[in-house]
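The values are calculated or read from the model by the stated rules, or taken from the named source; none is laboratory data. These numbers were taken from a predicted model, which means no experiment stands behind them. Here Cβ is always computed from backbone atoms with ideal geometry, including for glycine, and neighbour counts include all displayed protein chains. Note: areas computed on protein heavy atoms with side chains; ligands, DNA, RNA excluded. Shrake-Rupley method; radii C 1.70, N 1.55, O 1.52, S 1.80 Å.
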Amino acid sequence: MPRRSPETLLPLEAEILDVALSMLRSGQATFHGFGLAHAMRAGGASRSLTAHGTLYKALGRLEEFGLLTSRWEDATAVEGRPRRRLYELTMDGARVRERAPAAKPVGRPRRAAAEPA
Amino acid sequence: MRPERVAALVARWVRFYTRDLPTAVARRRVDEIDADLHDHITHERASGTGDRRIATSILSRMVRGVGADASWRGDQLKASAHRPETSGGAMDTHADIPRASSPQRPVSVTILAVLAALGGVGAVLGVLAGAFVIHGLDSLDATDAMIVTPAVALAAVYLAFAYGAWSLRSWGWPLGVVAGVGSIVYTTVVLVGGWAELMRDAPPLAIFGVLVVVIAAVGLVIWFRPGVRAAFERA
C-alpha cells in the first residue's frame, strides 16, 4: 500500500488538528493526550473519550508527518503526577488543516465542558 | 471497581504490547499512557464522576484501542528492523521516537534554501564579474576590498546554509540565523553608504538590495517559528 502523504488525513487526524487549531486560536499553544481527548469529547458527538491506542497512534502519525511537534514537560515543574507529553501544532499542520474541509462530527455536537487542569 | 486497579491493568497491557520494542519507543508510550491515566482519573473525580463509571471509561478506552495498539506495535517492529537501537536505556527521559521515515522538510525551509543557493551563486558570480571583468583586479582598492570581502564570506555562508537547510543538518538552523542577520547588516551598510551612487549608476541594484533586506527579514521571522526549529531538531 502506498504511503499516505501528510495532506491526506484520516477523519480522526483531521479532528485532532481541528481541536489543536481551535486551542491555538484561544491561546492554548500546547496540549496533552488526555486534554485533547477531553476537548474532542466536548466538541464532538461521541460521549466516549477516544481510545488510548487510537489516540496515541494518530498523534504519532501526525508528528511523523510534521503536522505536530511534541516534547516532555519540564520534570521540575511537575509535582505529584506523571509528566505529560506536550504537543503543539506546527505551521505545516495549521496550513494543511486550513486547506482541508472541516471534519464533521457524526451526530449532534455537545456543549463544551470545563477544561481539565 | 476502583479506577486505580483498572489503570494498573491498562499499564500492564501497555507494558505487554511494548515489550521487545526499542527502549525509547516503549518508554515514551508507557510514560504517556501513565500520564493519561492519571489525568483521566483526576479530572473525572474532580467533575464528580463516580469511581465505577471512571473505571468503566478507562477499561472501555483500553478495549476499544486494542486493535490500534497491535497495529502500532507492528509498525514499530517493522521500523526497528530497519534501524539500530538508538536509545540510551529505559530511563532515558529525553529520548524521542526514532523516526520510521526520513524527516519532513517544511516548505518554508525548502524555499529559503533555494533562495540562499541562488543568492550564494549570484553573489559569487557578481564578485567574479566585478573583480575580473568590469574593474579588473589591478584597479581594486581598499574600499573595494571592504565591500567584496564580506560579500564573498556571505556567499559562502549562503551556500553552506542552503546545503544545511536542504538536508536539515543540525547546524543548518543557527547558520540560517547568521545568513539572515548577515544579509540585513551587510546590505543595509552598502545601501546606506552608496545609495546615491547606486541610484545614479545602477538603480536595479539598489532595488535588489532593498529586496534582499526584506527577504532576509521575512526569512528570519519564518526561521524562528516552532515548526521550523522542530524540523531541525527532529532530523
How many nm separate the modelled label positions at B:Ser47 and B:Ala70, each set 7 Å beyond the Cα in the direction of the Cβ? 3.0 nm
Accessible surface of A:Leu89 - all protein chains present, 1.4 Å probe, nearest 10 Å²: 20 Å²
Computed over segment B:1-71, Cα set: Rg, Dmax in Å: 12.6, 39
Sparsely packed GluC sites (Glu not before Pro) within segment A:52-91, loop by DSSP, other Cβ within 10 Å at most 15: A:Glu73, A:Glu79
Hey, got a sec? Which trypsin sites (Lys or Arg not before Pro) in segment A:23-96 land in a DSSP loop and have at most 11 other Cβ atoms within 10 Å? A:Arg47
The value for segment A:1-99 (convex hull of the alpha-carbon atoms, volume per residue, Å³) is 120 Å³
